[in-house]
Amino acid sequence: MKKYKDQGIAVVSVLIMMVVLMAILTAYFTLTLSELKTGRYSLAAQQGFYAAEGGLNLRAELVRATFVGYQRPVGNSPTVPGPSNPTGPLPCTGSNLGSGDFICTPYTIGGRTVRTYVTDITKYVAGQPETGTVQPGDVYVGLNYQQYAYRVQSDAYNTKTGEKEASLFMNFQSRLVPLFQFAAFYTNDLEFHPGPPMTLNGRVHTNANLFLNSGAPLTINGKTTAGQSIYRFGKDGRSCDTAGSVVISSVTMPCKGASRDLVNDKITGSLLTPFNKNVLDQQQALTVPTISSLRPDPANELWSKADLRIVAYKNGSTFSLQVVNADKSINYPATLRLAACNPAPSPSVPIPSQAVAVKVGGLYDGREQKSMTVIEVDQKKLMDCIAGGGFTNGDNLPLTIDDATGGGLVWNFSFGDSNAAQDANINGTTAFPTAYGVKIINADALGTSSGATAIKGLTIVSNQQVYIKGNYNTINKKPAAVLADAVNVLSSAVNEPLTATISTGKAVPTTVNAAFLSGIDVTTSSNYNGGLQNYIRFHENWDTVSMTYLGSFVSLGTSLHTQGKQSGTGVAGYYNAPNRNWGYDTDFNNATNLPPLTPRFVYLRQLLFARSW
């Protein structure tokens, strides 16, 4: 009996052990499956997280690209459930999609469906976004900016199960930093050595060296900075001129360095202390476009985004005016419309009034020592021509005088040539002297002859020289700019036609209100580029006559097609320097007052990145 009893106990024990083992195995398999599920869930959540993050970056870049394209995001965000909408549909479901730049946009990223939308969270004051000055530690320290703020929401869904795997949002700022924020900004060395007294109101910066000299009082009222070194003598080898003083922010800068040693004779260290940080050397360089950005090239925004592109096309010995599209194809309806605004000479009207005309040898440039062929633009008559219809803007919509795309009207003027090699030279990226220019007349008030419809602003662009005759933008001042290979100013009293044998005459007081962007000459030991005081090229006897300027001088380096010296050797009275009363236009501190297509930098600043649960 005991034998059978022991066998029974053994059987029971085995059964118990089997039950225990089964329980352990079940628990193990359950735990393993749970861990596998958890692992899969964790992996899916991680992949969903990265997919949603990709959606954030894609939408943020679209916002940045909109600003880079001289536009601002517009539209409506989808409605989010809340106190005002407690039972409404969720964002990006049904018809709750939003509109415009803020609309729900799906992406497929990493096998996930990612739904994104944008919300404007800018703190507007009187309809305007925040403005401020870039603080130390940022790339663009010291510059003014206009700032918009946005939130991007990005939700990632599993394409198989439809489950939401990740929900992220990011708050960021889009900062706009305009280039026209200086009384003077130079990419390369910036030089001063005026003869008559000169006052410059506003900030001054060069990415390279700053050379300060003067034969008469030179006064700079604004922060003055150099990316490299500051010197109190001439780059061309002239010693510190004691006939004049250099005063910056009410502090006089002493002479230093009779030997003109670029290594040991810098104005630095303790010599800058009295200026209380209003004069600084070794500052961060600002990244800017090159002078070739003025070329009539579809890849250049100043060409592709222009509202009107007029080309004086040379075929043999004759020129024809063509209105062209961004891809350089001829816009035939607009070309015919322009021709109608340019009546040909007749016995009854030997010199007709034309909006735009090509004048071969119509202007002698003593600095270039050559007769120039110019596109002469009667600003008011061209505005009248546009107001009459027949032109289209960059969006292929009727062009109107009050067009606001890009901030206002942009006119681009250039020359073309049927000879391909010659065309490549006059519109290339390498230096090539030309005898071409654009002359602007009748522009004291920007707009039509009647002024019935106000323009938003006007920017004139050319990869050749531009000559401005008479007061410019002095009546009902508008945001304005001239972007050219070089900029010339003629007073309204200049003798015309300008020739090599006739004096240009005595100038009369002239005022120009416009930002300037151009190239300059390069100073060598045998050639002085004229300094900032000759950024504007003059051609008359301005002795004791004032030339008043309000705007911003920007130099992008060496001119490609304008290579004459800073002073001419023409007939007597050809050129004497004016009294220069020049200053920065503080209206540009408000981004809404910037000229159309102002070159600017757009960068994003992330404020908050978070995951919703």
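The values are calculated or read from the model by the stated rules, or taken from the named source; none is laboratory data. If you're wondering where the values come from, they're calculated on a predicted model, not measured in any experiment. Reconstructed Cβ throughout: ideal geometry from the backbone, glycine too, with neighbour counts over all protein chains shown.
Some observations on this one:
- Condition check for residue 131: closer than 23 Å to residue 185 by Cα, surrounded by fewer than 16 Cβ atoms within 10 Å (Cβ to Cβ) and of a type in the set (S, T, N, Q): yes
- Unmet criterion (only one of (1) in a helix (DSSP H, G or I); (2) closer than 21 Å to residue 597 by Cα; (3) out of contact with any Cys (no Cβ under 8 Å at 6 or more places or on another chain); (4) aliphatic (A, V, I, L, M)) for residue 421: (2)
- Under the condition of being of a type in the set (Asp, Glu) and without any contact (Cβ under 8 Å) to a residue 12 or more places away in the chain, the residues counted in region 367-422 number 1.
- From the options 75, 88, residue that is modelled with pLDDT of 90 or more and of a type in the set (Gly, Ala, Ser): 75
- The selection criterion, being over 30 Å from residue 289 (Cα atoms), touching a strand residue (DSSP E or B) at 6+ places or on another chain (Cβ under 6 Å) and surrounded by fewer than 21 Cβ atoms within 10 Å (Cβ to Cβ), holds for residue 164.
- Which listed residue is of a type outside the set (Gly, Ala, Ser), out of contact with any Lys or Arg (no Cβ under 8 Å at 6 or more places or on another chain), closer than 23 Å to residue 590 by Cα and surrounded by 18 or more Cβ atoms within 10 Å (Cβ to Cβ), from 148, 186: 186
- Looking at 232, 203, just one residue is under 28 Å from residue 141 (Cα atoms), surrounded by 23 or more Cβ atoms within 10 Å (Cβ to Cβ), touching a strand residue (DSSP E or B) at 6+ places or on another chain (Cβ under 9 Å) and modelled with pLDDT under 95, and that residue is 232.
- For region 291-319, a residue qualifies if it is exposed (fewer than 14 other Cβ atoms within 10 Å of the Cβ) and among the polar types (S, T, N, Q), and the qualifying residues are 315, 317, 318.
- Failed criterion for residue 43 (all others in (1) modelled with pLDDT under 90; (2) more than 21 Å from residue 166 (Cα to Cα) hold): (2)
- Here residue 56 clears all of (1) surrounded by 16 or more Cβ atoms within 10 Å (Cβ to Cβ); (2) of a type outside the set (Phe, Trp, Tyr); (3) out of contact with any Pro (no Cβ under 6 Å at 6 or more places or on another chain); (4) not in a helix (DSSP H, G or I) except the condition numbered (4).
- Tabulated pairs, region 435-459, first touching a residue at least 40 places away in the same chain (Cβ under 8 Å), second hydrophobic (A, V, I, L, M, F, W, C) and surrounded by fewer than 16 Cβ atoms within 10 Å (Cβ to Cβ), C-beta under 9 angstrom, 6+ apart or interchain: 445/475; 446/475; 447/454; 456/404; 457/404
- Restricting region 318-334 to residues that are touching a residue at least 24 places away in the same chain (Cβ under 8 Å) and assigned to a helix (DSSP H, G or I), the residue that is farthest from residue 575 (Cα to Cα) is 333.
- Filtered residues of region 237-266 (kept if buried (at least 18 other Cβ atoms within 10 Å of the Cβ), touching a residue at least 40 places away in the same chain (Cβ under 8 Å) and under 13 Å from residue 211 (Cα atoms)): 241, 246, 253
- Note on region 220-243: among residues that are of a type outside the set (D, E, K, R) and touching a Leu at 6+ places or on another chain (Cβ under 6 Å), the one that is nearest to residue 268 (Cα to Cα) is 230.
- Residue pairs meeting the criteria (Cβ under 7 Å; at least 6 apart or on separate chains; first under 17 Å from residue 118 (Cα atoms), in region 169-182; second in a loop (DSSP other than H, G, I, E, B)): 169/612; 171/121
- Test for residue 101: is it at pLDDT 85 or above, part of a strand (DSSP E or B) and not hydrophobic (A, V, I, L, M, F, W, C): no
- Taking the criterion of being under 17 Å from residue 226 (Cβ atoms) and at pLDDT 90 or above, the residues of region 278-303 that qualify are 278, 279, 280, 281, 282.
- Residue pairs whose Cβ atoms lie under 6 Å apart, sitting 6 or more positions apart in sequence or on different chains, and linking a residue in region 115-135 that is free of Cβ contacts under 8 Å to residues at least 40 places away in the same chain and within 18 Å of residue 590 (Cα to Cα) to a partner that is outside any loop (DSSP other than H, G, I, E, B) and among the small types (Gly, Ala, Ser), are 122/149.
- Residue 122 vs. criteria surrounded by 19 or more Cβ atoms within 10 Å (Cβ to Cβ), under 30 Å from the mean Cα position of the chain (by Cα), modelled with pLDDT of 90 or more and of a type in the set (S, T, N, Q): no
- A residue that is among the aromatic types (Phe, Trp, Tyr) and farther than 17 Å from residue 275 by Cα occurs nowhere in region 211-227.
- Some residue of region 453-470 being modelled with pLDDT under 95, over 27 Å from residue 561 (Cα atoms) and over 26 Å from the mean Cα position of the chain (by Cα): yes
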